[in-house]
2 protein chains.
Amino acid sequence: MRNEWLERLSLDEQMLLLDVLFTQQYALEIISCELSDIERGYKYVDEARHQKLVQLYHRIHEELSL
Amino acid sequence: MRNEWLERLSLDEQMLLLDVLFTQQYALEIISCELSDIERGYKYVDEARHQKLVQLYHRIHEELSL
């Protein structure tokens, strides 16, 4: 289920937001916050989303070395 | 100039990252960090980008009431 806030932003706005996320070097931080919420039981997500988040964390951390 | 990290993520990964950004309610936070870096002179951006950031901040804050 796509986030309803996200759908109300234009593509340009979404790209600007992502760009700032990386320039502020927060990408890894927010994914690890989400993973820790899931792994400590504060948030329930299906296993597919959980795996995608774990993969994205490693992609950003290892491949983009952030 | 698009962020080179951003271009190395798939569209799905970009959308997942944006989705987490909103579920963690960090969107407003990172834009205000970027604006404060600019306004305190720690970061130089052209005026067009600065205006886009200010507009995006108000969009998210007022329209999305985050």
_Residues (modelled with pLDDT of 85 or more, loosely packed, with under 15 Cβ neighbours inside 10 Å and in a helix (DSSP H, G or I)) located in segment A:1-28_ = A:L11, A:D12
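Among the residues of segment B:37-66, write down those that are outside any loop (DSSP other than H, G, I, E, B), among the charged types (D, E, K, R) and more than 11 Å from every other protein chain (Cβ to nearest Cβ). Before the answer, list the steps.
From segment B:37-66, those outside any loop (DSSP other than H, G, I, E, B) are B:37-39, B:47-63; that's our starting set.
Add one more test, that the residue is among the charged types (D, E, K, R), and what stays is B:37, B:39, B:47, B:49, B:52, B:59, B:62-63.
Result: B:E39, B:E47, B:E62.
When segment B:6-36 is examined, which residues are found to be touching a residue at least 24 places away in the same chain (Cβ under 8 Å) and either of a type in the set (S, T, N, Q) or more than 7 Å from chain A (Cβ to nearest Cβ) (or both)? So that I can check it myself, show each step before the final result.
Of the residues in segment B:6-36, the ones touching a residue at least 24 places away in the same chain (Cβ under 8 Å) are B:22, B:25, B:27-28, B:31-32.
Passing the criteria: B:Q25, B:L28, B:S32.
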*What number goes with the only condition from (1) over 12 Å from B:L17 (Cα atoms); (2) touching an Asp or Glu at 6+ places or on another chain (Cβ under 9 Å); (3) at pLDDT 85 or above that A:S36 does not pass?*
(2)
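The values are calculated or read from the model by the stated rules, or taken from the named source; none is laboratory data. This one's a predicted model, so the numbers in the text were calculated from it and none came from an experiment. Glycine gets a Cβ as well: all are built from the backbone with ideal geometry, and neighbour counts include every protein chain shown.
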